[in-house]
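In what follows, a structure is listed as structure tokens, so that the remarks can point back to it.
The values are calculated or read from the model by the stated rules, or taken from the named source; none is laboratory data. Small disclaimer: the values here were computed from a predicted structure and weren't measured. Please note: Cβ atoms are built from the backbone with ideal geometry, for glycine as well, and neighbour counts cover all protein chains shown. Side chains included, ligands, DNA and RNA excluded: accessible areas come from the protein's heavy atoms. Shrake-Rupley method; radii C 1.70, N 1.55, O 1.52, S 1.80 Å.
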Amino acid sequence: MDKGRVAVITGNDAIAKGAIAAGMRFFAGYPITPASEISHYCAENLPKYGGKFIQMEDEIGSMAAIIGASMAGAKSMTSTSGPGFSLMQENLGFAIMAEVPCVVVDVMRFGPSQGVATVPAQADVMQARWGTHGDHPSITLALSTVKEAYELTIRAFNLAEKYRTPVILLSDATLSQMSEKIELPDPGTLEIIDRKIATVDPEQFQPYEDDGSGICPFAPYGSGYIWYTTGIVHDETGFPATSDPDKLAIQIDRLYDKINHNLEDIVQVEEYLTEDAEVILVAYGSVARAALATADTARREGIKVGVVKPVTIWPFPEQAIKKVREKAKTILVCEMNHGQLYWKVREVVEGKAQIAFLGQYNGKLIKPEKILAAIKEVTVGVC
Amino acid sequence: MSDYLELRLSGSGGQGMMLAGTFLAEAAGIYEDKHIVLCKSYGPEARGGACRSEVIISSEPIVYPEVQEPDLVLAMTQEACDKYYEDLKSGGIMIIDPEHVRDIPDINGKVYEIPLTQIARDTVGNEITANVVALGALTAIVDWISPEALKSAILDRTPKGTEELNEKAFNYGYNYTMEKYMQSNSPVV
């Protein structure tokens with residue numbers, strides 16, 4: 001262990017540190033519990049790296065600012081919680097349509113509207129998928145440990161840059177406020193991906209021309225390339241294509257295809273003791289830790305429990321669920337909400353196993369003993 | 001020595017319970033190379049109100065991150081004591097400051113009454129060092145963390161010019177507890 005690299009830090013600080021390690025040099029945000037420490041860290045530390053921090057007037061402005069910074073070539077990020085995430089949705093859609101890489105951190109709250117600020121919840125899972133209007137894909141990752149907060153923030157930037165799209169990180173108050181020990185890697189050992197930059201003559205440049213990879217090379221504003229960007233569905237020139245039905249469909253397809261043709265790269269899922277499991281727990285974020293602890297205690301009691309932990313929530317790891325639904329008798333989805341990812345799991349299980357749901361939405365992290373009790377309850381007569 | 005331990009440090013906002021949790025977590029995590037989780041929880045008050053920090057220390061990676069049955073509870077006020085003692089593990093340890101905790105709960109475990117605030121005020125000369133006095137006392141009672149590791153973690157974070165004060169507070173807490181409770185016994189747990 002290199003003591004100089006070992007730190008006891010919170011989940012929020014780990015996100016900020018990971019972002020800076022990934023090359024983030026522009027942060028715009030508006031303070032909100034339980035995400036504010038991400039802003040604090042960036043305000044204090046970004047200038048040391050030649051970066052900029054700006055506190056905007058609200059979350060609408062924050063999202064707009066990080067889009068602008070990214071279009072000028074900077075890796076950019078904002079962080080918020082439920083109410084602010086709602087305000088960001090319109091511009092988040094713009095970033096998807098205009099294909100602007102950026103990272104949005106949502107430290108989820110409890111309940112609708114202002115909800116409860118200081119307690120853990122997983123209430124924005126569907127908002128991360130469908131919060132902004134119109135057909136669109138989403139890349140969303142869920143964080144469950146301080147180590148993951150650091151590593152997956154780097155991964156979020158890599159995915160954003162590689163696929164020219166916003167990436168959403170979902171955290172919660174448990175992880176954001178708690179500290180764990182991590183050994184920070186040597187920055188030289190990190191895999192850092194930067195967006196593909198246009199090299200054609202500026203006169204020939206078409207901003208949304210597919211180079212065959214499905215992802216268009218990017219020309220930072222200010223680099224001599226003059227181009228038009230709009231949230232309107234556009235053709236390869238960047239100008240609205242509203243009168244051409246064929247071109248309209250092509251652009252929407254391309255938004256989906258660049259994600260769907262790369263699922264192996266994007267989808268990350270962890271399995272624990274699934275091989276012989278009769279009961280599979282599906283859990284993500286902080287709740288995954290309760291599920292993993294439950295698998296061990298359940299097995300000590302002779303109940304064969306395994307865990308599927310989606311790290312990438314969107315696109316949903318369908319293959320992992322299809323694999324376990326063949327063997328497991330029961331699939332129990334555990335979430336700190338009223339049932340969100342549950343519906344997606346249920347859809348993919350297609351009735352091939354018993355499906356059950358354990359939701360807790362009282363501001364407390366689900367305890368392993370509660371999951372164990374739920375397993376015993378739902379498997380009566382099944383296992 | 002058990003290899004999985006849960007500690008809860010509780011008191012009133014302003015008594016340094018959050019910082020004490022950070023000291024413990026860094027001592028165990030950085031100096032003793034253990035796995036740790038540190039959770040802090042407090043009300044909306046900047047001063048006053050019951051607050052607590054909780055530390056899990058383990059030789060193995062920590063899966064579930066919250067304290068469920070603390071092995072040790074430190075209570076610096078009556079309110080914190082009343083609020084946070086109930087789920088103490090059977091046979092666990094409570095450290096209380098008798099100046100602030102008059103009504104000691106009936107627990108299945110051992111209670112150590114140590115005049116933390118009084119030592120800080122009268123012997124060390126500064127009441128705000130009571131949290132460090134408490135950490136000194138804690139390392140005298142349990143052998144999960146060496147006094148050296150904890151002292152190093154404290155000195156890493158103490159502002160320049162207060163090192164001597166903090167070291168004094170730690171040592172007084174440690175020595176008082178050793179003399180009162182530990183002379184004929186080796187440290188418990």
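Remarks
- Enclosing the Cα atoms of segment A:12-96 in their convex hull gives a volume equal to 81 cubic angstrom per residue.
- Legend: mean number of C-beta atoms from other chains within 10 angstrom of residue C-beta atoms, peptide B:54-66, equals 5.
- Across segment B:173-178, coupling constants 3J(HN,Hα) worked out from phi with the 6.51/-1.76/1.60 Karplus curve, θ = phi - 60°, read x, 5, 5, 4, 5, 4 Hz, and Gly and Pro carry x.
- Evaluating kT/(6 pi eta Rh) at 25 °C and 0.890 mPa s, with the Kirkwood radius of segment A:270-378 over Cα pairs in the Stokes-Einstein relation, gives 184 µm² s⁻¹.
- Scanning residues 5 or more positions from A:LYS52 or on other chains, those with amide H under 5 Å from its amide H are A:PHE26, A:PHE27, with H placed 1.01 Å from N in the peptide plane.
- Near the amide H of A:VAL282, within less than 5 Å, lie the amide hydrogens of A:VAL308, A:LEU332, A:VAL333, A:CYS334, all on another chain or at least 5 residues away, with H placed in the peptide plane.
- For segment A:161-172, backbone phi angles converted through the Karplus equation (6.51, -1.76, 1.60; θ = phi - 60°) give residue-by-residue couplings of 5, 5, 9, 6, 7, x, 10, 9, 10, 9, 10, 8 Hz, Gly and Pro being listed as x.
- Rounded percent of accessible protein surface that carbon and sulfur make up, segment A:3-189, 1.4 Å probe: 54
- Across the accessible surface of segment B:4-181, with the other protein chains kept in place and a 1.4 Å probe, carbon and sulfur atoms take up 46 percent.
- Residue-averaged [θ]222 nm for the protein assembly as shown, counting only DSSP H segments that reach four residues, each worth -39500 (n - 2.57): -10500 deg cm²/dmol
- Average partner coverage of A:7-15, which counts Cβ from other chains inside 10 Å: 2
- Global geometry of chain A, whether rounded, prolate or oblate, following the gyration tensor of its Cα atoms and the 1.5 cut on a/c: prolate
- Once both labels are positioned 7 Å from their Cα atoms along Cα-to-Cβ, the gap between A:VAL6 and B:ASP33 label points is 0.7 nm.
- Taking only the C-alpha atoms of segment B:59-143, Rg followed by Dmax gives 13.8, 43 Å.
- The mean count of C-beta atoms from other chains within 10 Å of the C-beta of residues in B:31-38, rounded to a whole number, is 4.
- Considering only A:MET336, A:PHE239, A:THR294, and ranking their Cα positions along the charge dipole of segment A:231-355 that arises from unit charges at the beta-carbon of Lys, Arg, Asp and Glu, the one farthest toward the positive end is A:THR294.
- Projected onto planes of every orientation and averaged, the convex hull of the alpha-carbon atoms in segment A:3-189 covers 9.5 nm².
- Above-threshold pairs, the threshold being 19 Å between Cα atoms, out of B:LYS34/B:LYS110; A:LYS3/B:LYS34; B:LYS110/B:LYS180: B:LYS34/B:LYS110
- Distance between modelled label sites at A:GLU347 and B:ASN171, nm, 7 Å Cα→Cβ extension: 6.7
- 5 angstrom amide H check on B:ILE95, placed H, neighbours 5+ away: B:VAL73, B:LEU74, B:ALA75, B:TYR112
- Percentage of interatomic Cα-Cα distances in segment B:42-85 larger than 14 Å: 57
- Accessible surface of segment A:270-378, 1.4 Å probe: 49 percent of it comes from carbon and sulfur atoms.
- Computed E for A:ILE192/A:ASN260 - FRET, C-beta separation, R0 30 angstrom, nearest 0.05: 0.75
- Under 15 Å from the B:LYS110 label point (7 Å along Cα→beta-carbon), backbone N, segment B:159-180: B:177-180
- Kirkwood hydrodynamic radius (C-alpha pairs) into Stokes-Einstein, segment B:4-181, 25 °C and 0.890 mPa s, D in µm²/s: 155
- Among A:ILE67, A:ILE321, A:ILE15, the largest mean-square fluctuation in a Gaussian network model of chain A (Cα springs under 10 Å) belongs to A:ILE321.
- Pairs over the 28 Å Cα-Cα cut-off, from the set A:LYS258/A:LYS364; A:LYS258/A:LYS367; A:LYS344/A:LYS376; A:LYS309/B:LYS151; A:LYS309/A:LYS329: A:LYS258/A:LYS364; A:LYS258/A:LYS367; A:LYS309/B:LYS151.
- With contacts taken as Cα pairs under 8 Å and at least 6 residues apart, segment A:3-189 reaches a relative contact order of 30 percent.
- Extending 7 Å from Cα along the Cβ direction at A:THR297 and again at A:ASP244 yields two label points whose distance is 6.1 nm.
- Neighbour cut-off at most 15 other Cβ (10 Å), DSSP loop, GluC sites (Glu not before Pro), segment A:261-328: A:GLU275, A:GLU301
- Label zone of B:SER146 (point 7 Å out along Cα→Cβ, amide N under 19 Å): in segment B:17-38 this covers B:23-36.
- Accessible area buried, both sides summed, chains A and B with 1.4 Å probe, Å²: 1600
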